[in-house]
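The values are calculated or read from the model by the stated rules, or taken from the named source; none is laboratory data. Just so it is clear, the structure is predicted and the values come from calculations on it, not from any experiment. Because the Cβ atoms are built from the backbone with ideal geometry, glycine has one as well, and the counts that use them run over all protein chains shown. These accessible areas exclude ligands, DNA and RNA; they are computed on the full protein's heavy atoms, side chains included. Shrake-Rupley method; radii C 1.70, N 1.55, O 1.52, S 1.80 Å.
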Amino acid sequence: MKRLRLAIAGLTACSGCQLSLLNCEAELPQLIEVVDFHYFPMACSPALLEGEYDAALVEGCLSMPHENVLLLSLRKRSRLLIAIGTCAAWGGVAALKNGESRKELLQAIHVCDRISSSGYSPQPLHAFVKVDAVISGCPPEKEELLRLLAGLLRGALPAPIAYPVCTDCRMRENLCLLTEQSRLCLGVLTLGGCGARCPSMGVGCEGCRGPVPEANLEEALDICQQKGYDRQTVIDRLRRFCPEWKS
Amino acid sequence: MSRPGKIDILTRVEGHGRVELVRKGKRIVDARLNLHESPRLFEALLVGRRFDEVAEIACRICSICSTVHKVAALQALEQALNVRISQQTNLLRQLAVQGGQIESHALHIFCLALPDYLGVGGFPALASVAPLELQHGLKIKALGNLIQETVGGRAIHPFNLLPGGLGSVPDAQQLQRLADQLSAIRDSVTAMITFVSSLNETLPKLPALSACAVSGGPPLFGDRLATSTGVTVPAGSAAAWLNERNENNTHAKVSRFDGKSVFMVGPLARLNLSMPTEYGKLLDATSITDSLKARIIELHQAVERAISLISQLLNEGLRKETPSTITPHAGEGTALIEAPRGILLHNYRFDERGICSAANIITPTAINQAAIEMSLKSLIAVNSDAGYKNIKLSCERLIRCFDPCISCAVH
């Protein structure tokens, strides 16, 4: 099998998507044999973009001009560019207040100095480049990353997920937190694939994987309202990870 | 083939930074650390959010340190809202924090730092030059993650740790399994202490650094800061004492203390303030180049502490509990806790509806910037003739001794 030549980069983020890969402790020794982690500054030196890549795995959103330069270079050099994690896919937590002026946010905590004033409101990768596949999640599941790499080694991309967290929850035969226990859970609007990690431990889905395709927002808001959660509360929660949710 | 792209960034650290060397004629006269990562403005993002969202959002500051951020945020908001937690929750949170300590130290030692000592570029090459150590290291790291996952529900961004308690309490069997696995890796951790102590340090010995750490509680926890110079600062005055300022060369605020003193924080600083006698001869706890040894010693301590926390939990018997009910009201709280890289402070104010009206988060790497700056100057002073490339490499290596977490620092 041809070794997979990868570029793995983090932009504005917490490095959690890259760490999820490094958290595949049992699989790393095997991965080392089939994957060339050529550009992976978080874990390998030197950080030198060189030649072409089978794929670029990019974590994080963009909020500084130098990140655009890096992203364009990664796009140009890579056959496939894959958004890893909710920040890369949707903007994520950093984009939580994209509706407000960045300058004012900066002034609230930083004296607006010369360097950081060049930044802009966090944007997902697809705002700037073509994205070939998305692995969502804050953080993504390790298994999804392993499946991605296994697919790439065989020249394929993983099938996109199109079902909500509720599907995962039903598979695990959990009681519904929202309808049966009147607790706020965003699972019905949120992309599945996490095995309903949070609801399975009695914690309502916080929407960390972003919107599921064809989410019925109005219906979900109605159910939440019947359970005592007003529209604005639900919308605010949804926007914690994806600023594109509109009321 | 396209041309190689010049990427001038620090590698094998979390986040984005670079070293800038200052030349005078042909000589390098100074080196500066520039943390140029984009600020996500967490303190501003948190304002306006309800108390029960604060810890979920704040833990996203950093993945490696997400458990400790979560616990610090919970402690601060619980203090502000007068929330009492059970002894069981308290012990489980401590256990999760020890899990984070194990994972973070193992990641640093066996994936990020070891390549410096063995002359290779990263963990993939370790598979050929130090396969056994890499194998041990990954096993230890995995166990740190398993602890965080068992208690927190997930190794990164642990959702099961909630204001007032836990979503689900792990059962006795799960904890027993963790204890068994921890006991099983004890020997390999001890073997790794010997291995790490045998590594050859190529950086010159640098002037001693004063140390600062959290004290007054169980390991890694406390309610005040203590320094190796004899200063004690209660949690409520810690932010003022740390004295964070905006400076031009970095996106992270810099702690300047009283304007003259410089303190390091982290594993070496913690050992400096409370050295277990059996390790006293193994390292010099004022010398930053001994920090890898400090980390492996702490890894050993964390394994032992996790075992004892589990045995205490099992002895007291695990009970199903639901999180305490919280009635929002106005208040302010400050938590101090030791993250893997040093002192972490979370401070929040809430209005009468329980909405966050102010947040202040001070992270270890931000605090360490002054100590890094001072160490870099000392390194340049003894090494200024080594040539640009060598100096740059030793500067990067020195910075790695602090195991910087730049996403935390800038947040």
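Observations on the structure shown:
- When the range A:1-20 is limited to residues that are open to solvent by 10 Å² or more (accessible area, probe 1.4 Å) and out of contact with any Asp or Glu (no Cβ under 7 Å at 6 or more places or on another chain), the one that is nearest to the other protein chains (Cβ to nearest Cβ) turns out to be A:CYS14.
- Count of the range A:212-236 residues, restricted to those that are of a type outside the set (Val, Ile, Thr), closer than 16 Å to A:SER182 by Cα and open to solvent by 10 Å² or more (accessible area, probe 1.4 Å), is 9.
- Residues located in the range A:168-190, provided they are part of a helix (DSSP H, G or I), within 14 Å of chain B (Cβ to nearest Cβ) and in contact with a strand residue (DSSP E or B) (Cβ under 7 Å, 6 or more places away or on another chain): A:GLY187
- Failed item in (1) within 26 Å of B:ILE343 (Cβ to Cβ); (2) within 11 Å of another protein chain (Cβ to nearest Cβ); (3) open to solvent by 10 Å² or more (accessible area, probe 1.4 Å); (4) assigned to a helix (DSSP H, G or I), with B:SER128 passing the rest: (1)
- Of all residues in the range A:191-235, those that are facing chain B (nearest Cβ under 9 Å) and out of contact with any Gly (no Cβ under 9 Å at 6 or more places or on another chain) total 2.
- Helices (runs of 4 or more DSSP H) wholly inside the range A:47-143 that include at least 3 residues being in contact (Cβ under 8 Å) with a residue 24 or more places away in the chain and more than 7 Å from every other protein chain (Cβ to nearest Cβ): A:65-77, A:86-90
- The condition of being open to solvent by less than 10 Å² (accessible area, probe 1.4 Å), touching a Gly at 6+ places or on another chain (Cβ under 6 Å) and modelled with pLDDT under 95 holds for B:SER38.
- From the options B:SER357, B:SER308, residue that is open to solvent by 40 Å² or more (accessible area, probe 1.4 Å), more than 30 Å from B:LYS205 (Cβ to Cβ), without any contact (Cβ under 8 Å) to a residue 40 or more places away in the chain and polar (S, T, N, Q): B:SER308
- Matching residues, the range B:150-171, being within 10 Å of chain A (Cβ to nearest Cβ), touching a Pro at 6+ places or on another chain (Cβ under 6 Å) and part of a strand (DSSP E or B): B:LEU162
- Some residue of the range A:172-195 being over 26 Å from B:THR322 (Cα atoms) and without any contact (Cβ under 8 Å) to a residue 24 or more places away in the chain: no
- Of B:VAL54, B:VAL22, all but one fail to be β-branched (Val, Ile, Thr), in contact with a strand residue (DSSP E or B) (Cβ under 7 Å, 6 or more places away or on another chain) and free of Cβ contacts under 8 Å to residues at least 60 places away in the same chain; the exception is B:VAL22.
- There is at least one residue in the range B:241-259 that is in contact with a strand residue (DSSP E or B) (Cβ under 7 Å, 6 or more places away or on another chain), over 20 Å from B:PHE402 (Cβ atoms) and surrounded by fewer than 20 Cβ atoms within 10 Å (Cβ to Cβ).
- Test: residue in the range B:202-214 that is among the β-branched types (Val, Ile, Thr) and modelled with pLDDT under 95: yes
- When B:ILE140 is tested against (1) within 30 Å of B:VAL262 (Cβ to Cβ); (2) open to solvent by less than 40 Å² (accessible area, probe 1.4 Å); (3) of a type in the set (A, V, I, L, M), exactly one condition is not met: (1).
- Subset of the range A:141-163 (residues that are touching a Leu at 6+ places or on another chain (Cβ under 9 Å) and open to solvent by less than 30 Å² (accessible area, probe 1.4 Å)): A:LEU145, A:LEU148, A:LEU149, A:GLY151, A:LEU152
- Qualifying positions in the range B:349-364 - assigned to a strand (DSSP E or B) and out of contact with any Ser or Thr (no Cβ under 8 Å at 6 or more places or on another chain): B:ILE355, B:CYS356, B:SER357, B:ALA358, B:ALA359, B:ASN360, B:ILE361
- Subset of the range A:164-190 (residues that are among the polar types (S, T, N, Q) and either more than 16 Å from A:PRO211 (Cβ to Cβ) or open to solvent by 40 Å² or more (accessible area, probe 1.4 Å) (or both)): A:THR167, A:ASN174, A:THR179, A:GLN181, A:SER182
- Some residue of the range A:69-86 being touching a Lys or Arg at 6+ places or on another chain (Cβ under 6 Å), over 21 Å from A:GLY155 (Cβ atoms) and among the β-branched types (Val, Ile, Thr): no
- Condition check for A:ILE135 on (1) out of contact with any Asp or Glu (no Cβ under 6 Å at 6 or more places or on another chain); (2) in the same structural domain as A:ILE32 (by TED's automatic domain parsing); (3) crowded, with 21+ Cβ neighbours inside 10 Å: one failure, at (1).
- Tabulated pairs, the range A:202-229, first touching a residue at least 24 places away in the same chain (Cβ under 8 Å), second open to solvent by 60 Å² or more (accessible area, probe 1.4 Å) and assigned to a loop (DSSP other than H, G, I, E, B), C-beta under 6 angstrom, 6+ apart or interchain: A:GLY204/A:ARG183; A:PRO213/A:ALA162
- Qualifying residue in the range B:201-217 (condition: in a helix (DSSP H, G or I) and either touching a strand residue (DSSP E or B) at 6+ places or on another chain (Cβ under 6 Å) or surrounded by fewer than 17 Cβ atoms within 10 Å (Cβ to Cβ) (or both)): no
- For the range A:160-167, the criterion of a residue being within 22 Å of A:ASN98 (Cα to Cα) and within 14 Å of another protein chain (Cβ to nearest Cβ) is satisfied by no position.
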